[in-house]
Structures are given as structure tokens and as C-alpha cells.
Amino acid sequence: MKLITAVLLLSSVTAFAPSYNLISLSSRLYSTVEVNAPDRVAPGAGYVPEWEDRPGLSPQEFMKSDLSKPDLSGMWECPLTRWNSEGIDVAEAQRMAKSVPHCPLEVKASESDNAQGASYFSKNAEKIKQDLLKHGAIWFRGFDLMKSVQGYREMYEALGFDPCLDPLHSSGLRKFASERDALYEEVNKPSLRGHYIGLHCESTAKRTAAYAAFVCFQKATEGGGRFLVADGAAILAELDPKLLQKLYDRKIRISVSNLDIPPSLPGPIKEGIKSLVDVAVAPKFDMDLEMIYESDGKPGRLQAVESAESPINRHPVTGLPVWFNNAHNHARKLRDRRPCGVPEVGMTEVFYADTMEPLTLEDCNEIKRASEKHIAALSMEPGDVLLVDNYRALHGRDIFQGDRFHAVSWFTWDDEEWRGNERRIVEKNGLNKMINGMMDWLPKDFESNQS
């Protein structure tokens, strides 16, 4: 019995690490829940700028940290999600969202800008923050300062941003690139380079970072790897009004992972497994999760499902209604139709909250159309930084070949009440390191069985 319990605990830990996960010992790999596997087609984008082939530094150079600066590993906890989604007039929300300017704002460095170093950002900090609220994201191109970890930190400190944990820090989604500089490695793992990451906010129903700064230290050596960003307001304005009203009225729920239990097990044993996962494992991920059997129709499947949430939220600062959810990334019917290298245990799904039925293919396709029309597939090169308002813009990543090194820091609010007083919970770190260590066992170019 102790052995069974140990196996179940290990399987559960890996199974309920949200979004990008490793193989569960108890789960076979299936490519799709549909009878006939659909064709996989790379998604499109509305804006695809050219590469400029700017040089970068070597890994030994760009990873150097300034050891004279304070260690930031005791950073703030990710702040609680600020929901303001009640009483939204969908038609009026779409009208308001149509007036937004292009996202992202593009800022190219001049020789004079580069000569100023970090002082460029300190002198322009207030305008940059105003532009971020206006556009949702700012793409800084050709800045030499941010070609290294040291210069990148100088940039965000000059802007006055205060780093915090990733909302899914304990899940093992990302490991630190430089922990003392509050810098996470992006999803560069060779095992996931063939996996298209759809549009999402770095958010759960419980926690959401206020801002982010994505940096490129090394673009993909053999092609691909464009960084994706899209304006949540523009997507809201674009969506079919009937679908938007339906989703707003019914709300959505998202399953973040699967654990496949033999369907033939007696009911009491299955309930015991569910209780074990619910009590011993799920709380470690700091999410409001409900364990539900067979919500996607697969016999014996135990899914970790987030609480019901509105697909529309008002921006905490501007009040602008925005498309604020992760459906484009998490909807199973979209994942099954694009490049996907995630094991079955990590496959996600989006449900209508009132009936727990998965979104229809028709609704998924409309979300896909509206979202991808407004994707800017950025050609980020060494030193480029994309500053993102995490309540306004959604982000993702295209597939790539070779090696790639992008990184990200998350930032909390200036307002003490919104920020909260929680600092990093050290006990979470062991689980983060364990899951990341197991992820590194996966071979390069790992793919789920898509036959």
C-alpha cells in the first residue's frame, strides 16, 4: 500500500503542474480525445515583422550578474487577481475596445538612446508607463543595454518596477535563469521547442502579475521562436457579439491537467485517489482547483479544474473591458489542431462553466480567428525587451528549431494594498526545483504520441 501511495503522489505532483508538464507515471500519452486526429496547422498572425539579424553576446557574457547588487530572491509573492467583471454591457464593452491604439508600441533605439544606457529609461520612466497603459505592450528594439542579465536588471530598476513571483511558481512551469535578479527562464526547453504556446495572460483565477518584461538574449539558432503578443481589448472588439455574450453569461472553467485512473477501479478507491490529490497535492500549486472525474468524457480521467471565471474583465487601472482569459492557449480543440508537444497529462481544456461541457469547435474557431488576427509575431533579437501590461495584452510563443534563450521577470503593483504583504514562500521552491529537474529528463524534441 505504501508503494501504491508513493506512486500516486509522484504521479499527482507531475500531473497537476499546470500548462506545460512532464510525463505522469500513471498516464499513457494520447494525441487527442477526438476519434479521428485532425490535421495540425501552424496558426497565423496579423503582423509579422522582418528579422534584423543583430548580434548578441555569448552565454558566458549575457548570463553575468552584477554581484554588487542586492539578492532579489526574496521577492514579493505574485499579487491576487483583481477581478472587476460584474455588470458588463457586452455591446458597450466592444464599442469601447474598438478605440484602442495598435499593440505593441514599437520603440527603436537610436545611437543617442544607446549612449544613455539605463538613464534613458529612468528619464523616460513616466512616459513609458503611460504608453504601456495606452498600448498594452511596448517593444524596445535594438537597445544594447539589455543584451545581458546585468543590463536588463538596470533597465527594469530604472523604470521603478518591483519584481514578484510567477503566479505558477510552484508548478515548475519555469525555472530561474538568474534567481538573484528575479529573472525566470522562458519556455526554452528543447523538449517543448516543437510546441506552439497559444495566447494567455500570466494569470490564474487566484493570482495575476501586474506587468512583465520579456527579454531576448539569444534568438533561435535554427529559425522560428517568434514571440507572440495580442491586445486583449482588440480581441474583445473583434469577437462575434453573440459568442461573447454567451461566454460572458455562462462563464468558463479551465482544466489544467489530467490524471488517468483505470476506469475499472472500484468507486471507493477512485474517490480515495481523488481525495488524496485534493488534500495532499493540489494546495501546493496555490490555485483554487476542484478535482472532477471525466468532465471531458474520457473514462477514468481525473481533472484539476479552476473555478468559474468571466472571460471579460475590466482593467484595474483604466477600467477598459478586455478579453482576459487563456482560452486560445488551453482549448483542447485548438491544441489538437496546431503543433503540440505536451504529454496527455498536461493537456488542458476549456468548459462552459454552467454545464461543464467543452467549448464547441465552432466557438473555438471564432476565438482562434479573432485572436490570431491581432497577433503580432515579433522578431525579438538580442537586447530586445517586450514590456507587457499583463491585464491588457496576451502573449505566447511560436515553435522554433535549435537553441533559444529568452527570459522574463514579473512585476507587482506600486500600490501597497494591491501588492499585499506576502514575500516569497520558501517551502514552494522545493517542488518547483523537483518538477523542473524532471522536465530536464525529457529528450530533445519530445512529442506526444500523435498516431
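The values are calculated or read from the model by the stated rules, or taken from the named source; none is laboratory data. Since the structure is predicted, the reported quantities are computational estimates derived from the model, not experimental observations. As a convention, Cβ positions derive from the backbone with ideal geometry for all residues, glycine included, and neighbour counts pool all protein chains shown. Remember, those area values only see protein heavy atoms, side chains included, never the ligands or the DNA or RNA. Shrake-Rupley method; radii C 1.70, N 1.55, O 1.52, S 1.80 Å.
Of the cross-linked pairs K98/K298; K129/K251; K108/K333; K206/K270, those separated by over 30 Å at the C-alpha level are K98/K298; K129/K251; K108/K333. Report note on the peptides 322-329, 349-356: ranked by the mean count of other C-beta atoms within 10 Å, highest first, their order is 322-329, 349-356. Here K373 and S73 are evaluated by their C-beta separation; at R0 = 35 Å the FRET efficiency comes out at 0.30.
So if I place +1 on the C-beta of Lys and Arg and -1 on the C-beta of Asp and Glu, and nothing else carries charge, what would the dipole magnitude of region 210-358 be about its Cα centre? I want it in debye, nearest 20.
Taking the Cα centre of region 210-358 as origin, the dipole is about 340 debye.
Accessible area per residue for region 316-378 is 26 Å², calculated with a 1.4 Å probe on protein heavy atoms, without ligands, DNA or RNA.
Taking the accessible area of region 298-346, probe 1.4 Å, and keeping the other protein chains in place, the carbon and sulfur fraction comes to 57%. Applying the Karplus relation 6.51 cos²θ - 1.76 cosθ + 1.60 with θ = phi - 60° to region 294-305 yields 3J(HN,Hα) values of 6, 5, 9, x, 7, x, x, 7, 9, 10, 8, 10 Hz, where x marks Gly and Pro.
Set the Cα radius of gyration of region 293-438 against 2.2 N^0.38 Å, with N its number of residues, and you get 1.24. The fraction of accessible area contributed by carbon and sulfur in region 119-236 is 45 percent, rounded to a whole number (1.4 Å probe; ligands and nucleic acids excluded). Each of N188, L132, S178 was placed along the dipole of region 122-196 (beta-carbon charges, centred on the mean Cα), and the one lying farthest toward the positive end is N188. Between N36 and M356, what is the spin-label point distance in nm, taking each point 7 Å from the Cα along the Cα→C-beta axis? Using points 7 Å along Cα→Cβ, the separation is 3.1 nm. Ordering of 304-314, 413-423 by packing is 304-314, 413-423, highest average first (other Cβ atoms within 10 Å, averaged per residue). For the pair region 244-316 / region 346-369, the C-alpha centres are spaced 14 Å from each other.
For region 378-428 versus region 94-159, the inter-centroid distance based on Cα atoms is 14 Å. For A137, nonlocal amide neighbours, meaning residues 5 or more places apart or on other chains whose placed amide H falls under 5 Å from its own, are L105, D389. Taken about its Cα centre, region 241-321 carries a charge dipole of roughly 320 debye when the Cβ of each Lys and Arg holds +1 and the Cβ of each Asp and Glu holds -1.
The relative contact order of region 241-337, computed from alpha carbon pairs under 8 Å that lie at least 6 residues apart in sequence, is 31 percent.
About its Cα centre, what dipole magnitude does region 344-392 give when the only charges are +1 on Lys and Arg Cβ and -1 on Asp and Glu Cβ, stated in debye to the nearest 20?
240 debye
For the pair K274 and Q130, what calculated FRET efficiency results from E = 1/(1 + (r/R0)^6), where r is the Cβ-Cβ distance and R0 = 30 Å, to the nearest 0.05? Once rounded, the FRET efficiency stands at 0.05.
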